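Take a look at the structure below.
The values are calculated or read from the model by the stated rules, or taken from the named source; none is laboratory data. Keep in mind it's a predicted model, so treat the numbers as computed, not measured. Glycine also receives a Cβ, built like all others from the backbone with ideal geometry; neighbour counts cover every protein chain displayed. Just so you know, the surface numbers come from the protein's heavy atoms only, side chains and all, with ligands and any DNA or RNA stripped out. Shrake-Rupley method; radii C 1.70, N 1.55, O 1.52, S 1.80 Å.
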Amino acid sequence: MAALLSALAVGAAPAVTAQATTPMVRSGMAIEVEDTIVTSARCTLGAALSRTKAITAGHCGDVGQAVFDPTGVRIGTISANRITRRLDIAVIRLAPRSRVVVDTVNWTSGFWQGQQVTKRGVTTGFGRGVITDPRPTVRTAQGFSFAPPFLIQQATVSVRSTLVSESGDSGAGVRDAGGRVVGILSAGSGSDTLVAPVSALPANLR
């Protein structure tokens, strides 16, 4: 059975607030990407790579779309997306005025069966799990949106875990036992969750 995309919590588009506000950017925070004038996709910010870049799940938005915090403050713009290259990771170019809590990322880590991992998603919060299939494999996930194309299907490279995920958790950073980000939560159904390896993100996008 195909995994379900974990990002497709859809609500009212964020109201744009005064841009004089200085946004705080940190992993685990809720982010919203406008789908249409009246709807937005709600996801989780996975990791802040630097003061200028962050990452989330690729299916959360397209290149050029604005990214907002839950109060409607714009925190950046999606500048790259690897989902068409079978990697469910998007890069966010952060607004210059942002206050950023930068994460530690392990770009060279592989996965192994039984490896302990954690995540913090905006829907299910903090959770622990283990890697059940560490082989980076092309797997298919499906989901629904209130904006076209409505039925979303993606085939991307992932590893499998027992992390619990629900709608809105997509994009959450998956961390190793040392607290380093090693993956991005891609899709899931209950305690069967797929993780996109950050090691596959090209160096020029990090």
Could you look through region 182-200, keep only residues that are at pLDDT 95 or above and over 12 Å from the mean Cα position of the chain (by Cα), and pick out the one that is nearest to residue 27 (Cα to Cα)?
-> 182
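With respect to residue 135, determine if the residue is open to solvent by 40 Å² or more (accessible area, probe 1.4 Å), at pLDDT 95 or above and within 16 Å of the chain's Cα centre (by Cα).
Values: open to solvent by 40 Å² or more (accessible area, probe 1.4 Å): yes; at pLDDT 95 or above: yes; within 16 Å of the chain's Cα centre (by Cα): no.
Answer is no for this residue.
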Output the qualifying pairs, or none if there are none: Cβ atoms under 9 angstrom, residues six or more apart or on different chains, first residue in region 86-109 and free of Cβ contacts under 8 Å to residues at least 24 places away in the same chain, second residue open to solvent by less than 20 Å² (accessible area, probe 1.4 Å).
-> none
Mind checking which residues of region 61-79 are modelled with pLDDT of 95 or more and under 13 Å from the mean Cα position of the chain (by Cα)?
-> 67, 78
Which numbered condition trips up residue 203, out of (1) among the hydrophobic types (A, V, I, L, M, F, W, C); (2) modelled with pLDDT of 95 or more; (3) closer than 17 Å to residue 85 by Cβ; (4) open to solvent by less than 60 Å² (accessible area, probe 1.4 Å)?
-> (4)
Scan region 154-163 and give yes if some residue there is modelled with pLDDT under 95, in a strand (DSSP E or B) and among the charged types (D, E, K, R), otherwise no.
-> no
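Okay, residues lined up against (1) open to solvent by 30 Å² or more (accessible area, probe 1.4 Å); (2) within 22 Å of residue 199 (Cβ to Cβ); (3) at pLDDT 95 or above:
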residue	(1), (2), (3)
107	yes, yes, yes
122	yes, no, yes
125	no, no, yes
147	no, no, no
Give the residue that is modelled with the lowest pLDDT, with candidates limited to residues of region 32-60 that are assigned to a strand (DSSP E or B) and surrounded by fewer than 21 Cβ atoms within 10 Å (Cβ to Cβ).
-> 39
